[in-house]
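First the structure, in the form of structure tokens, and then the observations on it.
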Amino acid sequence: MAHSNWKRGLTALGIAGVTAVVLAGCTGGGGDSADGGEVTITVALAANPQMQTAESLIGDFEEKNPGINVEFTVLPENELRPAVTKDVSTNAGQYDVAMIGSYEVPIWADRGWIIPLDEYASADTEWDEADLLEPIKNIVSDGDGTLVAAPFYGSSSFLFYRKDLAEAAGVTLSETPTWDEVRAAAEAMDDDANNVSGICMRGLPGWGQNLAAITTVINTFGGQWFNEDWETELTMPETEEGVQFYVDLLRDFGQPDAAAAGWEGCLQSFSQGQSAMWYDDTVFAGSAIDSAATPEIADNIAFTMAPTGPSDLASGWLWSWGLGITKSSQNPDAAWKFISWATSKDYIQLAGQEAGWDSIPPGSRKSTYEIPEYLEAASRYADLTIKSIEAANPLQPTVNPVPYTGVQYVQIPEFVEIGDYVSQQLAGAISGSQTVSEALEASQTFTSDVIKESGYGQ
Amino acid sequence: MSQTALASTDEVTEVVAIDPTAPPPMSRAEKWRRRGPLLPALVFTLLLTQIPFLMTIIFSFSRWRLLTDGEAQFNWGANYVNVVTDGTFWRSVINTVVMTGGTTIACLLIGLLMAIFLNHAFPGRGFARTLAITPFFVMPVAATLFWKSAMFDPSFGLFGFIARSLGLPQVAWLSEYPMAALIILLTWRFVPFALLILIAGLQSAPQDQLEAAQVDGANVFLRFRHVTLPHLRPFIELAALLLAMNLIQTFGEIALLTAGGPAYATTNITYYIYLTAFQSFDFGFASALGVVSLILTIALILPMLRLLSGIFKTEGRA
């Protein structure tokens, strides 16, 4: 009895072993074939609406490129980042194509985690590199200006508002308002009785959440993160004024529970008619109109450029989600074919026809803004999107000269750590659990320590 | 288990061996023949659980930031010094204790009340029981998103609506009382768990003793205090331990509701490790955080386990 158990165990073990070997053989055989045979590439995408459209249209790519199979890993933005970072930094080779934000692109290129695309791009004339919008092309290139990711979409920030509510309150907003005008408008449109807040802005902690919006305001008030010697400037008067303005505006006329609302919360609040204005990314313009609760709200959504502050500096941010080829990719050629397809003019046409013109990836190509169908569908925001993208200047984001680039972020690897800490402190100021100066003093100490430890300015 | 414990089991085996109905004693070889096939599984489990732990300890002694440094470098335990001197870490420890303790106590109190209520026969009891247990089976993410917009949101939410109807000021739960909001949500989710254990305890309450007490003239309160509660004690302890073990790892609710904020007010240890490892990509520091919090957790849980070991020894002390 005991003996037969023993035997059975051994047999099972043997079968398991053989199965494992066979399986390993299969995947090995299928995965690494280069020419002629079937090739499978794995693509990691953020689960934003435009990327989900791309996933649904992949049949078109596979038809045009027989022999290349595409597998998608679609993750929420803040899960995609760690998953892909882990993969490329350890050279694990899970993904051939990775979607990377413009903040990461130069850092990853510097580490050699993604490969330059200039040769692919110049060989692929149909892809038409010259058609890319210049500012967007710059932020997905490395320090030397070599293209390392192909922009899937590009965006800036601007102000959403409700025309009907503005008219009812007797305010008019120009195409380029100042923050003071916006504050006055928020005061006029704030309507507690009807549950409408004057404005909605990001309050949720996270360097990609509240800090992105706050940093653009700091810039327009003449503040900055660091001076030319890499000394932290979070407590300089201009920086503090900017933060104080943002916090006051949010506390006085912002959405309730502001410290817990990110762009998701504001999109919901604005499209449901619970906010009269909203300062956020240009890429959400189509979504806001699409998801409006009533046709009345949808028809009355209007836009202005990002408000400016005392310094008279353009304050819209600049962002792009780009597609890059990881250095561990076994099939870089097939990977480029996919990237070329997903970021091409043809793809934008296809997405417009198949999924609707609100679902196309905007802000990456000049030619997009010559498509009559798109211009008609996006008549309210297409023009302002382009203007905002062109107005943003990541090379000189502040009034004073600074040693860093990036409008709503500081282009250094340490910024994620610093940004998360500072955004938490500022969320504390927004919720009222501490004052702005307390939040900024804690942030100043933390940031200086990290910067000193990392050896900047020495 | 100590030497004496092992010795006593051997004695038991010998005593049992005299019993004619017991199976004959096994030889050493026979014992190994029976264990043998299990060994691969045991080795596999050990490798799977202990190698990551060893790696964590190794990483915790290195400076390893994915974005800034290339390779991991040994840094003489600097991470541990940073952990101990890090104010945010101690804040997250306090938050963990408040969140876990507060929710466990609230779950036990509410669960006990509901269990007593649902243990009585009344029309529709089956339906009421099903309803009471449902929250535990709702997917955590769905439940959290539901609470975020349908309950806590001052404009859309039920709490805001009730406050407005009563003419009370609206409360921005997630901004002003984020910890209270989290404890409310977690309590809602875990009360059914406490309820299930406590109702099982109530159903096995000694009916003969309760009847005898009633005959002797003890009122409801006295019967509960002196008969039911002592019987329930091991059930309450077990529920408390299992709840605490579950709650100490709370993550999804925090990520979705408050992102740990504002100002780290709702960052527990688990979420803080996530922030350092997967937002800042500082794996060395995160590993050290993990090791330190493991030590702290063991220090907290051990006394509870010792208290509970009574359950397994005496099978209920009633």
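When A:Phe152 is tested against (1) part of a helix (DSSP H, G or I); (2) buried (at least 17 other Cβ atoms within 10 Å of the Cβ), just one condition goes unmet, and that condition is (1). Going residue by residue through region A:336-347, is there one that turns out to be outside any helix (DSSP H, G or I) and touching a helix residue (DSSP H, G or I) at 6+ places or on another chain (Cβ under 8 Å)? Yes, there is a match, as at least one residue in region A:336-347 is outside any helix (DSSP H, G or I) and touching a helix residue (DSSP H, G or I) at 6+ places or on another chain (Cβ under 8 Å). Restricted to region A:159-278, the set of helices (runs of 4 or more DSSP H) holding at least 2 residues that are of a type in the set (Gly, Ala, Ser) and within 13 Å of chain B (Cβ to nearest Cβ) comprises A:263-271.
Identify all residues within region A:85-104 that are of a type outside the set (Phe, Trp, Tyr), touching a residue at least 24 places away in the same chain (Cβ under 8 Å) and crowded, with 19+ Cβ neighbours inside 10 Å; write none if there are none. Step through it out loud before you land on a result.
Going residue by residue through region A:85-104, those that are of a type outside the set (Phe, Trp, Tyr) are A:85-94, A:96-102, A:104.
Add one more test, that the residue is touching a residue at least 24 places away in the same chain (Cβ under 8 Å), and what stays is A:87-89, A:91-94, A:96-102.
Matches in region A:85-104: A:Asp87, A:Val88, A:Asp96, A:Val97, A:Ala98, A:Met99, A:Ile100, A:Gly101, A:Ser102.
In region B:225-267, the residue that is nearest to B:Gly284 (Cα to Cα) out of those that are of a type in the set (S, T, N, Q) and more than 14 Å from chain A (Cβ to nearest Cβ) is B:Gln249.
Among B:Ser155, B:Ser165, which is within 14 Å of chain A (Cβ to nearest Cβ), surrounded by 14 or more Cβ atoms within 10 Å (Cβ to Cβ) and among the hydroxyl-bearing types (Ser, Thr, Tyr)?
Details: B:Ser165 fails: surrounded by 14 or more Cβ atoms within 10 Å (Cβ to Cβ).
Of the residues listed, the single one that is within 14 Å of chain A (Cβ to nearest Cβ), surrounded by 14 or more Cβ atoms within 10 Å (Cβ to Cβ) and among the hydroxyl-bearing types (Ser, Thr, Tyr) is B:Ser155.
From the list A:Ala302, A:Ala288, A:Ala298, the one residue that fits, being in a helix (DSSP H, G or I) and touching a residue at least 40 places away in the same chain (Cβ under 8 Å), is A:Ala288.
Of everything in region A:355-371 that is aliphatic (A, V, I, L, M) and either part of a helix (DSSP H, G or I) or in contact (Cβ under 8 Å) with a residue 60 or more places away in the chain (or both), the residue that is farthest from A:Ala150 (Cα to Cα) is A:Ala355.
Cβ-Cβ distances below 8 Å connect the following pairs, each with a first residue in region A:315-334 that is more than 23 Å from A:Glu390 (Cβ to Cβ) and in the same structural domain as A:Thr42 (by TED's automatic domain parsing), a second residue that is charged (D, E, K, R) and in a loop (DSSP other than H, G, I, E, B), and a separation of six or more residues or different chains: A:Ile325/A:Asp96; A:Thr326/A:Asp96; A:Ser329/A:Asp96; A:Gln330/A:Asp32; A:Gln330/A:Asp96; A:Asn331/A:Asp96; A:Pro332/A:Asp96; A:Ala334/A:Asp96.
Taking into account only those residues within region A:420-437 that are more than 9 Å from chain B (Cβ to nearest Cβ) and in a helix (DSSP H, G or I), which is farthest from A:Gly262 (Cα to Cα)? I'd like the intermediate steps shown before the answer.
Going through region A:420-437, the residues more than 9 Å from chain B (Cβ to nearest Cβ) turn out to be A:422, A:435-437.
Filter once more, so that each one left must be in a helix (DSSP H, G or I): A:422, A:436-437.
Values: A:Val422: 16, A:Val436: 19, A:Ser437: 23 Å.
Among them, the one singled out is A:Ser437.
The values are calculated or read from the model by the stated rules, or taken from the named source; none is laboratory data. Only a predicted model underlies this, so the values are computations on that prediction, with no experimental measurement involved. With ideal geometry, Cβ positions are generated from the backbone for all residues, glycine too; neighbour counts draw on all protein chains shown.
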